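Visitor: Before I ask anything, let me first share the structure, which is written out below as structure tokens.
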């Protein structure tokens, strides 16, 4: 009986172990499926959003490149204008400033002023100033949107293009001015240069900043041998942590952490793309929650793995409790069977004891009767027994 009970307990234990094993395998397979699915989804979403950021930046870079291309065309049209040609033709004929040559500059100034008034982007004038200088560097015409802008700076005159390059786009050292210049050739000889100024604020306002991009900051950056510097813009709302513009690889997103003026950190991603036909590149700093705010795919896997371990632990704990309850029920059932068997044996023993008592009582009664009889009666009694 005891061996049968032990065998039943072992069988229940095997069933319990098999159930736990199968449940664990199924749960691990399901959690693994969830982990892989969530990782791939998060990685694909992040990759898609980064590609969208790159496409948006490429669109802005193309718009800026087209903007500067149009500015070059404007200066080419000025160089081909009859007003400029007349001046240099008169000068080639030997006319001096004192005898009529100076008067030839008035139509050029009017032409420059007309271009400043006409060329606008939105409600803002594109050009703030246009000048004409001769090959020796002397200023011939200086037209500006307002008289306060007519100011000679030694800085720009010291950094005129060399080798009489046909069209050059550049920024000032302090990044507060954008200049487009084109060489003028008279009878295939370098005769002078036309230089136009564009306010960086106008470029930022209409081409680099748009509604719905509050989580992005775009910088127009000069790519010079001396280093990469941003063209003038309001300082970013971060105290430190911004990477060097020159260290941001072209076309490769860079994730970093910056500190704001309140002392808290913020994750950003930087992307740099060139502006074709110019010495500039666009650097975009994005803090979009869709790109940076969500967990990194590996972080997501880690979190899901911890959650899976927690769930597995709970399930194993519940299964262990269930198995323990099953074992206790089995043991209780076996105890009840043993108690029933003992009860049956006790009843049989009580019946046997009662029968013995009855026989003993009968013997005693018979013995008393025999004592009253003769010896022969005793002999019959013994024979009867």
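Any read-out appearing in this document is the output of simple, stated calculations on the displayed coordinates, not a laboratory observation. Because the structure is predicted, anything quoted here is derived from the model rather than measured. In this analysis, Cβ positions are derived from the backbone assuming ideal geometry, glycine residues included, and neighbour counts consider all displayed protein chains.
Visitor: What does the extension gain come out to for residue 355 and residue 138, with contour length at 0.36 nm per residue minus their alpha carbon separation?
Guide: On the way: separation 217, 0.36 × 217 = 78.12 nm, distance 14.71 nm.
Once the chain is fully extended between residue 355 and residue 138, it gains 63.4 nm.
Visitor: Just order 70-83, 196-209, 97-110, 339-352 by mean Cβ neighbour count inside 10 Å, highest at the front, would you? Mind showing how you got there, number by number?
Guide: Details: 70-83: 16.1, 196-209: 19.0, 97-110: 13.9, 339-352: 10.1.
Put in order of decreasing packing, that is 196-209, 70-83, 97-110, 339-352.
Visitor: Calculate the spin-label point distance for residue 82 paired with residue 306, positioning each point 7 Å from the Cα along the beta-carbon direction, and give it in nanometres.
Guide: 7.9
Visitor: Can I ask one more? If you find the alpha carbon centre of region 337-351 and of region 44-119, how far apart are they in angstrom?
Guide: 117
Visitor: How long is the gain from residue 344 to residue 113 if the chain were fully straight, where each residue apart is worth 0.36 nm and the alpha carbon distance is subtracted?
Guide: On the way: separation 231, 0.36 × 231 = 83.16 nm, distance 12.41 nm.
Result for the pair: 70.7 nm of gain on full extension.
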